[in-house]
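J.: Once you've had a glance at the structure underneath, I'll fire off some questions.
The values are calculated or read from the model by the stated rules, or taken from the named source; none is laboratory data. Everything quoted here is computed from the prediction, not taken from an experiment. Ideal geometry is used to build each Cβ from the backbone, glycine not excepted, and the neighbour counts take in all protein chains shown. Side chains are part of the model used for accessible areas, which takes the heavy atoms of the whole protein and leaves out ligands, DNA and RNA. Shrake-Rupley method; radii C 1.70, N 1.55, O 1.52, S 1.80 Å.
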There are 2 protein chains.
Amino acid sequence: MLSSLTLTIPENIYIKDPQSSKLGRRILEFSIILIDKIGIEGFTFKKLALEIQSNESSIYRYFENKHMLMLYLVSWYWGWLEYKLVFSTNNLTDKKEVLCRAISAITENPKKDESFGFIDEVALHQIIIHEYSKIFQTKDVDEENQNGYFIIYRRLIDRLSQLILDYNSDFKFPKMLANTILQGALKHNFLNQHFPHLTDNNQQNCEHIKIYFQTLTFKLLD
Amino acid sequence: MLSSLTLTIPENIYIKDPQSSKLGRRILEFSIILIDKIGIEGFTFKKLALEIQSNESSIYRYFENKHMLMLYLVSWYWGWLEYKLVFSTNNLTDKKEVLCRAISAITENPKKDESFGFIDEVALHQIIIHEYSKIFQTKDVDEENQNGYFIIYRRLIDRLSQLILDYNSDFKFPKMLANTILQGALKHNFLNQHFPHLTDNNQQNCEHIKIYFQTLTFKLLD
DNA sequence: ACAAAAATAAAAGTATTACTTTCATTTTCA
DNA sequence: TGAAAATGAAAGTAATACTTTTATTTTTGT
């Protein structure tokens, strides 16, 4: 992966661009580690400030509140998935292979060493698995959607559903299937970690999630 | 529906059984209406007390906190779905029809008039659509799972995955498919309400969700 | 019908959270 | 080097999520 690449996040999500300063990057880097450790409920800007030897009020100069910080991290994650999807299907012509690899890119878990700058993707992936629903399941969804906070997710759905249509243009539910794969992969990771008896997994890894969604997709489309 | 039926909720979820007293039933009835109106984040026992002309401290004698109340409501919802599922497939012999109707029971939205006692199922369904993830996506999942708080959901998954296996005993992912249907139906309802451009729906109702999951299931299993 | 027990209500108190404000200090960079 | 911008320290505020105490009402057994 190209470590000099930067993902662009909608401007109105932050007050000051955290990728533009050292403190900002420390906020991103350590908020991921801290939220992964103690969960979004227990996480406060005060604790984060302590962790990075900075100050509560300084963090508030980057993000309005922890919800906006989470929105930033979630957008970053979707942007990163989009990048992985595009990168892994680039230059391929066979439509089945493209779709198959796209599903792999989405459902495979990040590895420790494929780090993208100062972001710990493994920890971020864990955060998304555990917290992503809370981000849009609020009373303010509609307003936040109007503000364009979820635009990267939308782009990802559009892209994946287009690959689905490229493969089978008669299929009636391309966007629903795209959502099923993207959100389902996260959900099944969660089940795998906390409710193993609610899954059909008998190995340690999450290979079965990839297989499941590939099987489902091609059974549906073929 | 039999209006004298009562759903049994695990005892350790509540301090005092809310179905056992008038105040308790008012707590359930109006918490559903209030949470639906203002969302779980804005909901407090103080506001609920005001609504039902009772007192904050009295509500705390029924539930330890609002999280436990939500756990109660979610359990009630899963229990109710289980009841609908069993009721709608009772006495049928054809396995395809059983599975098909089971999916209908799960993915069809409740109607105003099929009220079960003092519970407003339409409002409860809305709450579940908007809040159900928050209930188990916490740092305490594992502990709460140990306490048996999610037992009704487990029973529902077991039941649905058994119907899937009854129809096709070779299928390798019955539990994952059961989860996909149950949680996916809720998720797609949410998308339909707040992100219509992320769905493939061109009508007002949610028929397409049922059709989608039935198509998906039988394409996978046939 | 009545006393004891249980349930409920009212009010006040506490610790924490999620910020905001003000002002001082440090860093940046033109 | 000096002005502007960024950061830090500390104190303040309103709301939340409870807990506690005490008073009042309701229920229940006899």
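J.: Name the pairs: first residue in the stretch B:197-222 and touching a residue at least 12 places away in the same chain (Cβ under 8 Å), second residue among the aromatic types (Phe, Trp, Tyr) and surrounded by fewer than 19 Cβ atoms within 10 Å (Cβ to Cβ), Cβ to Cβ under 7 Å, at least 6 apart or on different chains?
T.: Cβ pairs passing all conditions: B:Leu221/B:Phe171.
J.: If I filter the stretch A:56-72 down to residues being more than 6 Å from DNA strand C (Cβ to nearest atom) and outside any helix (DSSP H, G or I), which single residue comes out as farthest from the other protein chains (Cβ to nearest Cβ)?
T.: So, considering only residues that are more than 6 Å from DNA strand C (Cβ to nearest atom) and outside any helix (DSSP H, G or I), the one farthest from the other protein chains (Cβ to nearest Cβ) is A:Arg61.
J.: Considering A:Glu97, A:Glu82, which residue is open to solvent by 20 Å² or more (accessible area, probe 1.4 Å) and in a helix (DSSP H, G or I)?
T.: The conditions single out A:Glu97.
J.: A further question follows. Which residues, taken from the stretch B:16-25, are touching a residue at least 40 places away in the same chain (Cβ under 8 Å), open to solvent by 20 Å² or more (accessible area, probe 1.4 Å) and part of a helix (DSSP H, G or I)?
T.: Matches in the stretch B:16-25: B:Arg25 only.
J.: Please find, within the stretch A:69-79, the residue that is surrounded by the most Cβ atoms within 10 Å (Cβ to Cβ) out of those that are more than 9 Å from the chain's Cα centre (by Cα) and more than 16 Å from DNA strand D (Cβ to nearest atom).
T.: Filtering the stretch A:69-79 for residues that are more than 9 Å from the chain's Cα centre (by Cα) and more than 16 Å from DNA strand D (Cβ to nearest atom), the one surrounded by the most Cβ atoms within 10 Å (Cβ to Cβ) comes out as A:Leu71.
J.: Residues of the stretch B:16-49 being charged (D, E, K, R), under 22 Å from the mean Cα position of the chain (by Cα), more than 13 Å from chain A (Cβ to nearest Cβ) and more than 12 Å from DNA strand C (Cβ to nearest atom), which ones?
T.: B:Glu29
J.: Separate question: Just checking, how many residues over the stretch A:35-49 are within 11 Å of DNA strand D (Cβ to nearest atom) and open to solvent by 20 Å² or more (accessible area, probe 1.4 Å)?
T.: Number satisfying all stated conditions: 2.
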